[in-house]
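The values are calculated or read from the model by the stated rules, or taken from the named source; none is laboratory data. Keep in mind that this is a model prediction, so the values were computed, not measured. Here the Cβ positions follow ideal geometry from the backbone for every residue, glycine too, while neighbour counts run over all protein chains shown.
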Amino acid sequence: MEMWVQLSESSTLRAQAALFQTSETSVNIQPAFLPTLERSRPALQGRFEFSQRVGDDTRIEIAPGFHTSTTHVAGASVGSSLFSLDWFANPWPKLEFAGMFFTGQNVSNMGALRQGFTVLDTTNVLLVHSRGGWAQFTLLATRRLSFNLYGGQHDDRNADLRLGGIGKNLAYAGNLMYRLAPNVLLSFESSQVRTTYLGSGKRLTNHYDLAVGYLF
């Protein structure tokens, strides 16, 4: 469901709400408790975007959002909740700044790290509290060429995790994108992911990607 409200000539409010079905199968739990996990659950999400035009080619957008659902596992009902805040701004037509912040608990059912909760025993389940976000700067050098720098992290509270769990994922990258044709893009990207495992330290993974994309 979506509703638009024109607040003034230069500002709008867009309210969005959705009922959907989660997928709980990606969570990493002990095999003994896997049969007790209900594979899908109903959920509610919402997002409220405020947009303000500053000039003919510049605008600012900011949008809080939420998620709420309940996971059933090991005879317990485990709450899943999240608050988010995303934004976009282009104070200069050739420079864009976008990003998102989130905080919540049991967020693995939204594609995050596979450790939304820790099963201690039957009916005794510990929620994993999470916090993170990302930010990206884009320089539109020409009508065809753009440069992007971005970084982000997902940080789970260590006290909620078992030994060997992922305490933090930190990633940053840079890329350039060139429009070969109106709907054909060429991109080269270099990135690094730093993963902190409880009890075994950090692991670094470097990526170098060359891609061609076609826009339908």
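Brief remarks follow.
- Considering L140, L145, L204, L210, the condition of being within 20 Å of A98 (Cα to Cα), at pLDDT 95 or above and exposed (fewer than 15 other Cβ atoms within 10 Å of the Cβ) is satisfied by L145 alone.
- Search result, residues across region 27-41 that are exposed (fewer than 11 other Cβ atoms within 10 Å of the Cβ) and either part of a strand (DSSP E or B) or in contact with a Ser or Thr (Cβ under 9 Å, 6 or more places away or on another chain) (or both): R39
Okay, residues lined up against (1) part of a strand (DSSP E or B); (2) modelled with pLDDT of 95 or more:
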residue: L113; (1), (2): no, no
residue: V119; (1), (2): yes, no
residue: G132; (1), (2): yes, yes
residue: Q136; (1), (2): yes, yes
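- Residue satisfying condition, being modelled with pLDDT of 95 or more, closer than 23 Å to L161 by Cα and out of contact with any Leu (no Cβ under 9 Å at 6 or more places or on another chain), within set F101, F88, F83: F83
- Flag for W92 being touching a strand residue (DSSP E or B) at 6+ places or on another chain (Cβ under 8 Å) and of a type in the set (F, W, Y): no
- Number of positions in region 1-26 that are hydroxyl-bearing (S, T, Y) and in contact with a Ser or Thr (Cβ under 7 Å, 6 or more places away or on another chain): 5
- Under the condition of being assigned to a loop (DSSP other than H, G, I, E, B) and touching a Phe, Trp or Tyr at 6+ places or on another chain (Cβ under 7 Å), the residues counted in region 166-210 number 1.
- Residue that is nearest to the chain's Cα centre (by Cα), among those in region 167-201 that are surrounded by fewer than 13 Cβ atoms within 10 Å (Cβ to Cβ) and of a type in the set (A, V, I, L, M, F, W, C): V184
- Unique residue being at pLDDT 95 or above and over 14 Å from the mean Cα position of the chain (by Cα) when the list is V73, V128, V54: V128
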